[in-house]
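Chemist: Quick one: structure below, then a few questions.
The values are calculated or read from the model by the stated rules, or taken from the named source; none is laboratory data. Remember, predicted model here, so these are calculated numbers, not experimental data. Neighbour counts are summed over all protein chains in view; Cβ atoms, including those assigned to glycine, are modelled from backbone coordinates with ideal geometry.
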Amino acid sequence: MDQPVDPGTFLSPFSGLRSSGGDLIVEDRPAFICEGAILVERALSEALEGRLEIHSILATPSHGERLRPRLAAGIPLLIRPEEEVREIVGYPFHRGLLACAFQPPPCPEQKILQASRLLVLPHVDDLENLGLLLRSAGALGLEAVLLGKGPPLFHRRTVRVSMGGAFLVPCHRSEDPVDLLGRWRKRGGEVVAADPAGTEDFRAWRPSPRSALMLGPEGAGLPEPCLRVSDRRVRIPVSPRIGSLNVAAAGAVMMARMLPEAS
């Protein structure tokens with residue numbers, strides 16, 4: 001349904017998005033922003049299944065009229081001219097459609113311990129690298145992601161780059177991911193560290209039925225405590241003219257090995 005202009009309730013989550021950080025609080029609850037038709041429609045699909053709660057949607061007229069028949073009752077739809085949408089968000093926004101949703105409950109620790117295909121990111125430095133890794137994890141069928149230090153999972157840019165992976169893939173953030181990974185390992189399975197100095201070519205790697213792939217930050221790589229908990233140290237051979245892959249690219253290449261038909 002369309003709602004009257006109410007900056008304090010419906011428009012405020014979309015205000016000044018370029019300068020806002022990753023901690024969006026709406027009605028005293030943590031929330032996040034989806035940008036563009038694909039992300040908004042994925043969020044709406046999750047809402048229809050009861051896995052996500054939508055706070056409000058801001059749309060230009062063409063997007064709003066197309067979306068209106070698909071909205072569940074009670075989701076506020078704010079239709080505004082494109083110029084006004086740009087003014088609200090604070091930058092030249094051309095996608096024409098945004099949604100504010102409440103963050104889903106954190107993935108429980110037990111979900112990590114039960115996963116048979118797990119991505120482990122003890123420390124990620126960059127918002128977009130995190131988003132790309134989550135997108136690959138979702139696209140390549142990983143069951144869960146274990147996070148340590150890094151940018152906010154539901155930062156606007158992370159959600160956008162992840163193409164929904166931030167809310168579609170179960171993610172658990174731990175202050176001590178190495179400890180939790182060690183407990184996962186005790187249940188059986190292998191921990192594979194992506195290590196440029198590793199001796200094993202990733203093309204020879206055949207993932208076990210339970211595999212956890214661990215990736216470190218660019219530059220420093222995985223610290224020694226992470227390497228100690230790993231069973232294998234696998235590298236991707238690269239041309240010496242470039243020397244290395246971006247962590248998100250390397251992660252996608254190695255996660256593809258974890259597909260059932262590739263193992």
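Chemist: Could you count how many residues in the stretch 86-106 are assigned to a loop (DSSP other than H, G, I, E, B), out of contact with any Lys or Arg (no Cβ under 7 Å at 6 or more places or on another chain) and modelled with pLDDT under 95?
Modeler: 5
Chemist: Select from the stretch 60-85 the residues that are assigned to a helix (DSSP H, G or I) and either buried (at least 19 other Cβ atoms within 10 Å of the Cβ) or at pLDDT 90 or above (or both) and list them in ascending order.
Modeler: Pro61, Ser62, His63, Gly64, Glu65, Arg66, Leu67, Glu82, Glu83, Glu84, Val85
Chemist: Scan the stretch 25-34 and give yes if some residue there is touching a residue at least 60 places away in the same chain (Cβ under 8 Å) and part of a helix (DSSP H, G or I), otherwise no.
Modeler: Within the stretch 25-34 (the criterion being touching a residue at least 60 places away in the same chain (Cβ under 8 Å) and part of a helix (DSSP H, G or I)), the answer is no, since none of the residues qualifies.
Chemist: From the residues in the stretch 226-263 that are surrounded by fewer than 17 Cβ atoms within 10 Å (Cβ to Cβ), modelled with pLDDT of 90 or more and part of a helix (DSSP H, G or I), which one is farthest from the chain's Cα centre (by Cα)?
Modeler: For the stretch 226-263, the residue satisfying everything is Arg228.
Chemist: Right, here's the next one. With part of a helix (DSSP H, G or I) and surrounded by 21 or more Cβ atoms within 10 Å (Cβ to Cβ) as the only criterion, which of Leu142, Leu121, Leu134, Leu113 stands out? If you could, list the steps in order and put the result at the bottom.
Modeler: Numbers: Leu142 fails: part of a helix (DSSP H, G or I); Leu121 fails: part of a helix (DSSP H, G or I); Leu113 fails: surrounded by 21 or more Cβ atoms within 10 Å (Cβ to Cβ).
The unique qualifying residue is Leu134.
Chemist: So, one more: State whether one or more residues within the stretch 208-219 are over 27 Å from Glu175 (Cβ atoms) and either crowded, with 18+ Cβ neighbours inside 10 Å or assigned by TED's automatic domain parsing to the domain that holds Gly188 (or both).
Modeler: Looking through the stretch 208-219, at least one residue is over 27 Å from Glu175 (Cβ atoms) and either crowded, with 18+ Cβ neighbours inside 10 Å or assigned by TED's automatic domain parsing to the domain that holds Gly188 (or both).
Chemist: Taking the stated definitions as given, is Ala193 touching a residue at least 40 places away in the same chain (Cβ under 8 Å), assigned to a helix (DSSP H, G or I), more than 16 Å from Ala144 (Cα to Cα) and of a type in the set (A, V, I, L, M, F, W, C)?
Modeler: no
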